[in-house]
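Worksheet: the structure to be examined is printed underneath.
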Amino acid sequence: EIYTLSLHDALPISSWMQEKRITCISCPRGCPIVVKHENRMILDISGNRCSRGLAYARNEFMSPMRVLTSTVYVTGAELPLLPVKTRDPIPKTALKECMKVIFSIKIQAPVKLGDILLRDICGTGTDLIATRDMEVIAKTL
């Protein structure tokens, strides 16, 4: 007679289930959340004190997103750098690729707050926008 054991039968629970600790940023409480998972499948989420924390932990574990903030070179303005950001959060895995593109951008003043500098940055579906006005330097004689 042949007996087979599943991975769960053969190993203690601690060797197949993993934990990821996340600090929730949905509200000022900063709840310490624990996501228990097996092979990237969520088994349990604990530590959140509200439903927003539950949603945040699930999204942060499965597909972390970030608003990317940086600066781009600007010519013809009083300052050499213009602060920019992505209009919406982008996948965390796309941050490095987007930064490479941002480092290569050089724009000409004037620029207005909210101006779109680059549409659909790196195929993320969101635009890179200016986060302040940048006027042209007045030429003096």
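Shown in residue order for the range 119-127 are the 3J(HN,Hα) couplings computed by the Karplus curve 6.51 cos²θ - 1.76 cosθ + 1.60 at θ = phi - 60°: 7, 6, 4, 6, x, 7, x, 10, 9 Hz (x for Gly and Pro). The range 73-139 and the range 45-72 have Cα centres lying 24 Å from one another. Amide H contacts for V74 (H built 1.01 Å from N in the peptide plane; partners 5 or more residues away or on another chain; cut-off under 5 Å): L81, L82, I107. Taking label points 7 Å from Cα along the Cα-to-Cβ direction, R58 and K96 give a separation of 3.0 nm. Under a model in which nothing but the beta-carbon of Lys, Arg (+1) and Asp, Glu (-1) is charged, the range 13-74 shows a dipole of about 160 debye around its Cα centre. Each Lys and Arg contributes +1 and each Asp and Glu -1, all at the Cβ; summed about the Cα centre of the range 32-140, the dipole is approximately 200 debye. If a spin label sat at a point 7 angstrom from the Cα of E135 along the line to its beta carbon, the backbone N atoms of the range 48-81 nearer than 14 Å would be those of 77-79. Between 0 and 90 degrees, the angle of helix 51-62 with respect to the longest Cα principal axis of the chain falls at about 90 degrees. Given the alternatives (1) 2, 8, 13, 12, 8, 7, 7, 7, 7, 7, 5, 4, 3, 2, 2, 1, 1, 1, 1, 1, 1, 0, 0, 0; (2) 2, 9, 14, 13, 11, 11, 10, 8, 7, 5, 3, 3, 2, 1, 1, 0, 0, 0, 0, 0; (3) 2, 9, 16, 19, 18, 16, 12, 6, 2, 1, 0, P(r) over Cα pairs in 5 Å bins from 0, in percent as computed for this entry is given by (2). In the chain, the longest principal axis of the Cα atoms and the axis of helix 95-104 are about 10 degrees apart. For L81 and C50, a Förster radius of 41 Å and the Cβ-Cβ distance give a FRET efficiency of 0.60, rounded to the nearest 0.05. Of R58, R21, R40, which has the largest mean-square fluctuation in a 10 Å C-alpha GNM of the chain? Top of the fluctuation ranking is R40.
Computed with a 1.4 Å probe over protein heavy atoms only, the accessible area of S104 comes to about 90 Å².
The values are calculated or read from the model by the stated rules, or taken from the named source; none is laboratory data. Values in this document were obtained by computation on a predicted structure and should not be read as measured data. Glycine also receives a Cβ, built like all others from the backbone with ideal geometry; neighbour counts cover every protein chain displayed. With ligands, DNA and RNA removed, areas are computed over all heavy atoms of the protein, side chains included. Shrake-Rupley method; radii C 1.70, N 1.55, O 1.52, S 1.80 Å.
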